[in-house]
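No lab work stands behind these numbers, since they all come straight from the coordinates. In this text the structure is predicted, and so the values were computed from the model without any measurement. Don't worry about glycine lacking a Cβ; one is built from the backbone with ideal geometry, like all the others, and counts go over all protein chains shown.
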Amino acid sequence: MTLYELKNQFPAAPEYLTQILLIERDNGIVPNARLADRLEVSRPAVSQAVGRLKKLGLVDQDRYGAIGLSSSGRNIAEKVVRRHFLLEHLLVNVLQFPWDKSDTEAGLLQDSVSDELTEHLAEHLGNPKTCPHGNPFPGSDIEKSYLEAPSLTDAEESVKVKIIRITEEGEMTEGMLTFCQNNGIAPGIILTVKSHTPENTICEYKSDTLTVPAAFAGFIRWEAFK
């Protein structure tokens, strides 16, 4: 089944499939409740949608309620995620659209882009390995290490870290991308972690003190700065 055919049968299917993929990548399992929270819909709505996706052969669900993608469902999800990430790069790096708004705009555009244009974008943009927020493309050679990278809340005090990723869940957390945009937090910056409190992680950035709320710090991933 092509993405176009799927959209005609069940317009919301691509979004369900991509969020199942992204939740699975970060959390291992995808229960109905977590998918409902991510999509901001009711649990009965998720149950109904999963039932439709099962009939289409795109997902399965085990006896404990965890949702999984079939091979065809995963193929569609990975295609949509790749298209979304490339559109974010186009918006941010070519059109200089605000970094903190690119995820939302790419979501509005992704269903209108053909496979041919997707491949053209990939070549034109140099086949990036992550989206502008640092989330790895499905199947990239850095995917595993980036998904397993520790959060800022786990960094030891006095450690210098290189930010590599704002997680997908972080991107969808209200106010987080705006906070990052306003404070210069993006993949590639170097921070020195100074201390942790239950409310905040205190860092040094360019000789200034940067206070990151704990609710945001948990979604920021890093690697050791060498």
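Arrange the peptides 192-201, 3-12, 72-81, 132-141 so that the one whose residues have, on average, the most other Cβ atoms within 10 Å appears first.
Sorting 192-201, 3-12, 72-81, 132-141 by mean packing, highest first, produces 72-81, 132-141, 192-201, 3-12.
With unit charges on the beta carbons (Lys and Arg positive, Asp and Glu negative) and the dipole taken about the Cα centre of the range 124-167, which residue among A149, N135, V159 sits farthest to the positive side?
Going by the Cα projections, it comes out as N135.
Using a basic spin-label model with each label point 7 Å from the Cα along Cα→Cβ, how many nm lie between K160 and V94?
About 3.7 nm, to one decimal.
Two decimals is fine: what is log10 I(q)/I(0) at q = 0.11, 0.14, 0.19, 0.20 Å⁻¹ for the range 96-218, from a Debye sum with one equal scatterer on every Cα and no solvent?
Listed by q, the Debye log ratios stand at -0.43, -0.67, -1.12, -1.21.
Please report, in debye to the nearest 20, how large the charge dipole of the chain is about its Cα centre when each Lys and Arg carries +1 at its beta carbon and each Asp and Glu carries -1 there.
Dipole size: approximately 360 debye.
At q = 0.07, 0.10, 0.17, 0.18 Å⁻¹, what log₁₀ I(q)/I(0) does a Debye calculation on the Cα points of the chain give, no solvent, two decimals?
-0.24, -0.49, -1.25, -1.35
Using θ = phi - 60° and the Karplus form 6.51 cos²θ - 1.76 cosθ + 1.60, what ³J(HN,Hα) does each residue of the range 72-88 get, whole Hz, x for Gly and Pro?
6, x, 5, 4, 5, 4, 5, 5, 5, 4, 4, 4, 4, 4, 5, 5, 4
Against the 2.2 N^0.38 Å scaling, with N counting residues, where does the range 3-73 land? I'd like the Cα-based Rg ratio to two decimal places. Can you show the working numbers first?
Working: Rg = 11.0 Å, N = 71, 2.2 N^0.38 = 11.1 Å.
So the range 3-73 has a normalised radius of gyration of 0.99.
Evaluate the relative contact order of the range 3-73 (contact order divided by residue number), counting alpha-carbon pairs under 8 angstrom at least 6 apart; express in whole percent.
In percent, rounded to a whole number, it is 28.
Considering only lysines 8 or more places apart in sequence, or on different chains, count the pairs in the chain whose C-alpha atoms sit under 19 Å apart.
17
Apply 1/(1 + (r/R0)^6) to the Cβ-Cβ distance of L109 and S195, taking R0 = 45 Å, and write down the FRET efficiency to the nearest 0.05.
0.60
Going by average Cβ neighbours within 10 Å, how do the peptides 180-186, 99-105 rank, with the highest at the top?
Listed from highest to lowest mean packing, they are 99-105, 180-186.
Can you give me the relative contact order of the chain as a percent, contacts being Cα pairs under 8 Å and 6 or more apart?
Averaging sequence separation for qualifying contacts and normalising by length gives 15 percent for the chain.
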